[in-house]
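A short write-up of the structure that comes next.
The values are calculated or read from the model by the stated rules, or taken from the named source; none is laboratory data. Keep in mind the model is a prediction, meaning the values are calculated, not measured. Cβ placement follows ideal geometry from the backbone for every residue including glycine, while neighbour counts extend to all protein chains displayed.
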Amino acid sequence: MNRILFKIAVPAVFILLSLCIASIAAAKQEVYFYNWSEYLPEEVIRQFTKETGIKVIYTTYDSNEAMYAKIRLLDGKGYDLVVPSGYFVNKMGREGLLREIDKSRLNNFKNLDAQHTDRPFDPGNRYSIPYLWGSTGIIVNSAEIDPETVRSWADLWKPEFKGKVLLLNDVRDVFFMSLRVLGLSGNTTNPDEIQQAYDKLVQLMPNVRLFNSDTPRVPYITGEVSIGQIWNGEAFMAAEENEKFVYIYPTEGAILWMDNLVIPKRAENVDNAHALIDFLLRPDIARAICEEIGYASPNREAVKLLDKDIRNNRTIYPTKEDLAGADFQVDIGEAIVIYESWWEKLKTGR
Amino acid sequence: MTEKSLFKTATIGLTGAWLGFFVLIPNVMILATSFLQRDEAAFVRLDFTLENYRRILDPVYLQVFGHSAAMALVATMVCLALGYPFAYALARTRPGLRHLLLLLVIIPFWTNSLIRTYAIRSLLATQGVLNKLLLFTGIIDEPLRLLYTGTAVTIGLVYILFPFMVLPLFAVIEKLDTRLLEASADLGAGRFQTFVRVIIPLTMPGIIAGGLLVFLPALGMFYVSDLLGGAKDLLIGNFIKNQFLDARDWPFGAAASVTMTLIMALMLIAYFFSIRKIGKKEIR
């Protein structure tokens, strides 16, 4: 018996010891970055590590909800840098999940365009630094559908698009669209209005082929669907692959969002997180991110450096007219439960 | 001797601790959560309520359960229809070939089912392998829209769960006493009558076991519905995942999970009773 124990125990102790030593040695120079999938070029991470010696442990999520659930569960520990959308910055800040950002350590904060700082969801940028912003609009495969005939969200309801429409797998994006078609606020918490939006969506369901929020451009590129919702960055990447894809700002108003860098309350590598934020705010880096990912940079100096084609690309940088009626999503609190129950019903009630 | 018993205690203790820690405690936590209330900030609030179970009886959610059960049932039936003749043929082939065929049934298990689901996706896609083949051979003129339909979900569920149907069926059919079949023929039963009145009752334990092994997992395989069905056909698994992740309504998700466990438990109990009944009949 003792021999067996010995045989098991000795290696186990060694493994544990070496794990401890490894983690102590590594703890000095790393930063845990939790970001949306396909939201940062690998090259940027490599360059950061090369310049600073700080190792980036990079993991991704595909919805604010998934990210929030994890941060909440870990009580603001475990990650040093996270990228929630504006309405989640608001929520997380209010719930004490975020750490104040020391802007005196961010030499590049001044590069940000003033129209993107000091937003209502985080006055004075106490907790958050703008990373990228973008919109949810309509993408059309012009080889199959004449983009001139598509102007509004309501056009998705046309009977000729039966089985050809993709919607994002996101309850807020889908209901926002329906509410706007009805002329209501996309951020409503009124149960009657939410139900009206549901009734309207039921009429859309025969057209809906699938819900996807993972890499929504793929079903368009592989020809499964020809029209539907998409984020502008994904539309940009689809158009890079094939010019037949056209991005349209619906007349009822596109859905806008801003994603922001925040430091969770109990992050362990706060200095490195600040270093990484400052690095991401550098004009040349912000420019590289924008050109690769296809979302708009809130960084004024970076926009100046952009390739002319990119800066004048309306998919990424919409004109004032494009954004007529467009609105940011805001936190809706407990009303999410009402949305969610209609959402479940929408997906099964046929 | 003492070493042996110590070893025994240690292994049983370890297994027991493992099960207690990773099975019992999480399940007790889920059970407890299902009686609490949702809280926007802390996920759950320590207030006892039966509201979550009442909400499951809401027509909206009963529909989710009903739809999921219907999808799982269709998958089970297809598995049975395909699996029964296959298992029968398998049990009747010569041993060498039989082992090879069994191996072929099991080999796909060695690959993660998520990856196999992605593979099915590229088979069924509009510009996928199947459509290209059918177009090339001139069987169809226009690509079939297979992916992101209920059919695709059924195909995925059947494909992934097929071995769970075949293996229990094979086990009972292999043990089938051929003398009983001869007796049936001697007593004047035709092939059809022998099949319906002798073979099916004798293989019923395998049919029920296979059915349960397909039906129960089919309720929960949310990634099949997400990847092949375009997230339109909600299975109970999707529903639970949505409650935990998107709606952040843990108590409700927990109640749904407990309900599903209860349904499974009831079906397993029914299974044991039916087995006992069948066993008694045999003796008589």
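Points worth noting:
- Checked across region A:71-91, the condition of being farther than 21 Å from A:N272 by Cβ, within 21 Å of the chain's Cα centre (by Cα), free of Cβ contacts under 8 Å to residues at least 40 places away in the same chain and outside the structural domain of A:E240 (by TED's automatic domain parsing) holds for at least one residue.
- Qualifying residue in region B:173-191 (condition: closer than 19 Å to B:M77 by Cα, of a type outside the set (S, T, Y) and away from chain A (no Cβ under 14 Å)): yes
One line per residue, one yes/no per condition, for (1) loosely packed, with under 13 Cβ neighbours inside 10 Å; (2) over 27 Å from A:G96 (Cβ atoms); (3) modelled with pLDDT of 90 or more:
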{"position": "B:E3", "(1), (2), (3)": "yes, yes, no"}
{"position": "B:L14", "(1), (2), (3)": "yes, yes, yes"}
{"position": "B:V28", "(1), (2), (3)": "yes, yes, yes"}
{"position": "B:A32", "(1), (2), (3)": "no, no, yes"}
{"position": "B:R38", "(1), (2), (3)": "no, no, no"}
{"position": "B:A41", "(1), (2), (3)": "yes, no, no"}
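- Helices (runs of 4 or more DSSP H) fully within region B:189-261 that include at least 3 residues being β-branched (V, I, T): B:200-220.
- The number of residues in region A:296-306 being surrounded by 24 or more Cβ atoms within 10 Å (Cβ to Cβ) and either among the hydroxyl-bearing types (S, T, Y) or assigned to a helix (DSSP H, G or I) (or both) comes to 2.
- Test result for B:F65, under 25 Å from A:I338 (Cα atoms), away from chain A (no Cβ under 14 Å) and either in contact (Cβ under 8 Å) with a residue 60 or more places away in the chain or assigned to a helix (DSSP H, G or I) (or both): no
- Residue selection: B:R197 fails the criterion of being of a type in the set (D, E, K, R) and either under 21 Å from B:L73 (Cβ atoms) or without any contact (Cβ under 8 Å) to a residue 12 or more places away in the chain (or both).
- Hey, A:L73 of a type outside the set (G, A, S) and within 14 Å of chain B (Cβ to nearest Cβ) or not: yes
- When A:Y68, A:Y39, A:Y61, A:Y34 are checked against the criterion of being at pLDDT 95 or above and either surrounded by fewer than 13 Cβ atoms within 10 Å (Cβ to Cβ) or of a type outside the set (D, E) (or both), A:Y34 stands alone in meeting it.
- First in region B:109-131 and surrounded by 15 or more Cβ atoms within 10 Å (Cβ to Cβ), second anywhere and aliphatic (A, V, I, L, M) and outside any helix (DSSP H, G or I), Cβ under 7 Å, 6 or more apart: B:R121/B:L147; B:L124/B:L146; B:L124/B:L147; B:A125/B:L147; B:T126/B:L147; B:N131/B:L144
- Residue satisfying all of: in region A:130-186; assigned to a helix (DSSP H, G or I) and among the charged types (D, E, K, R); farthest from A:I255 (Cα to Cα) among these: A:E160
- For the residues B:R116, B:R98, B:R55, the requirement of being within 14 Å of chain A (Cβ to nearest Cβ), touching a helix residue (DSSP H, G or I) at 6+ places or on another chain (Cβ under 9 Å) and either of a type outside the set (D, E) or assigned to a helix (DSSP H, G or I) (or both) singles out B:R55.
- Region B:130-141 - residue that is within 14 Å of another protein chain (Cβ to nearest Cβ) and more than 24 Å from A:F211 (Cα to Cα) and, of those, farthest from the chain's Cα centre (by Cα): B:L135
- Every condition in (1) surrounded by fewer than 19 Cβ atoms within 10 Å (Cβ to Cβ); (2) touching a residue at least 40 places away in the same chain (Cβ under 8 Å); (3) more than 14 Å from chain B (Cβ to nearest Cβ) holds for A:I289 except the one numbered (1).
- The listed residue being more than 23 Å from A:D155 (Cβ to Cβ) and either buried (at least 22 other Cβ atoms within 10 Å of the Cβ) or away from chain B (no Cβ under 14 Å) (or both), out of A:D271, A:D214: A:D271
- Hits in region B:222-232 (condition: buried (at least 24 other Cβ atoms within 10 Å of the Cβ) and facing chain A (nearest Cβ under 10 Å)): B:S225, B:D226, B:L228, B:G229, B:G230
- Residues (surrounded by fewer than 19 Cβ atoms within 10 Å (Cβ to Cβ) and among the hydrophobic types (A, V, I, L, M, F, W, C)) located in region A:316-331: A:L323, A:A324, A:F328, A:V330
- Some residue of region A:9-22 being in the same structural domain as A:N269 (by TED's automatic domain parsing), assigned to a loop (DSSP other than H, G, I, E, B) and at pLDDT 50 or above: no
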